[in-house]
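Undergrad: Following this message is one structure expressed as structure tokens.
Please treat every number below as a calculation from the coordinates, not as lab data. Nothing here was measured: the structure is a model prediction, and the numbers come from that model. FYI the Cβ positions are ideal-geometry reconstructions off the backbone, even for glycines, and counts take in every protein chain you see.
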Amino acid sequence: MTDAAGGNRLNPALIESLHKALAAFSEDDGVRFILLRSNGAAFCLGMDLEAYTAGGTGEDFHRVVKAYSELLERIHGCSKTVVGLIEGPVKAGGVGVAAACDVVIASNGASFELSELYLGLIPANVMPYILAMRMPVKRAAYLVQSAACVDALTALHWGLVDEVHAPGDMEKALKKLGRRLMRISPMATARYKAFMEDLRASPVGGQQKDRAVKALIDIASGEDVKTAVKGFSDGETPLWFRNFRPEGRLSIVVQ
């Protein structure tokens, strides 16, 4: 996200660009993981409300809200691992973007704030991803109802982020993660994410256990897994292993 001057606020153009980029990367077999980061001091300061109130109609606002909701679902439902790299403040709808990512790495200078109640709004699109993926209900309720701005270490403790590093160590941490992701089977990643989505939709109990058993048997019977397991036993590496030694700053820029 490159609108540093505007705080990378989620306006219709940015939402559409992110949709297009995620769709393209999701279909590209050469892409092993997707990195979502920003240029500038802020990761994302939420929805661009001025863009929606400056001469827009109610239908315009409805379209934007729907597009934002679909963006979160696209991030969450992507068959690739989506990594959010958070540097600087994240507010309102930006918290939803972070929460929808599979892995969130934050600088210790990052902060998180759900400020919708200040404007009489509620984070309706954000909460499903926070509650399903990130935080217990009580913590999330405090974050919303107090409009508290929490630092990265608090967010780590509460489950909103997965790793926290000093600003100077962010690229090192990202590349370390990237090396692991480049060795993971892309088919297994897609299968795991689909399985977990199915699992979350199922009631806890016997049916869930049956689905888990069936899923593992089905996956283990695949030729790619059989070949990988046999090769590992023979001291070989799976076909999907890739070396990952990038030079300089990692960036995937949506313009």
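Undergrad: If packing is taken as the average count of other Cβ atoms within 10 Å, what order do 76-83, 21-28 fall into, highest mean first?
TA: Ranking the peptides 76-83, 21-28 by packing returns 76-83, 21-28.
Undergrad: Taking a threshold of 26 Å on the Cα-Cα distance, which of the pairs Lys175/Lys214; Lys172/Lys226; Lys91/Lys138 fall above it?
TA: Those over the limit are Lys175/Lys214; Lys172/Lys226.
Undergrad: A further question on this structure: State which helices in the chain qualify, where a helix is a whole DSSP H run, it must extend 18 Å or more along its own axis by its Cα atoms, and its mean Kyte-Doolittle hydropathy must be at least 0.5.
TA: Helices meeting the span and hydropathy rule in the chain are 12-27.
Undergrad: Dipole size in debye (nearest 20) for the range 59-180 around its Cα centre, Lys and Arg Cβ +1, Asp and Glu Cβ -1?
TA: In debye, rounded to 20, the range 59-180 gives about 400.
Undergrad: Okay, moving on. With a/c under 1.5 counting as rounded, go ahead and sort the range 44-174 into rounded, prolate or oblate using the C-alpha gyration tensor (a ≥ b ≥ c being the square roots of the eigenvalues; past the cut-off, prolate if a/b is larger than b/c, else oblate).
TA: Here the range 44-174 falls in the prolate category.
Undergrad: Further question on the same structure: Just how large is the dipole of the chain about the Cα centre, in debye to the nearest 20, putting +1 at every Lys and Arg Cβ and -1 at every Asp and Glu Cβ?
TA: Here the chain has a charge dipole of around 700 debye.
Undergrad: Cut-off is 10 Å between beta-carbons; in what order do His157, His165, His62 appear when sorted fewest neighbours first?
TA: In order of increasing Cβ crowding within 10 Å: His62, His157, His165.
Undergrad: Give me Arg134, Arg179 sorted ascending by neighbouring Cβ count inside 10 Å, so fewest comes first.
TA: Ranking Arg134, Arg179 by Cβ neighbours within 10 Å, fewest first, gives Arg179, Arg134.
Undergrad: If you average 1/r across every pair of different Cα atoms in the chain and take the reciprocal, what Kirkwood value do you get, in Å?
TA: That comes to 19.6 Å for the chain.
Undergrad: Continuing with the same structure: Note the full-extension length gain between Met196 and His62 as 0.36 nm times their separation in residues minus their Cα-Cα distance, in nm to one decimal.
TA: Result for the pair: 45.2 nm of gain on full extension.
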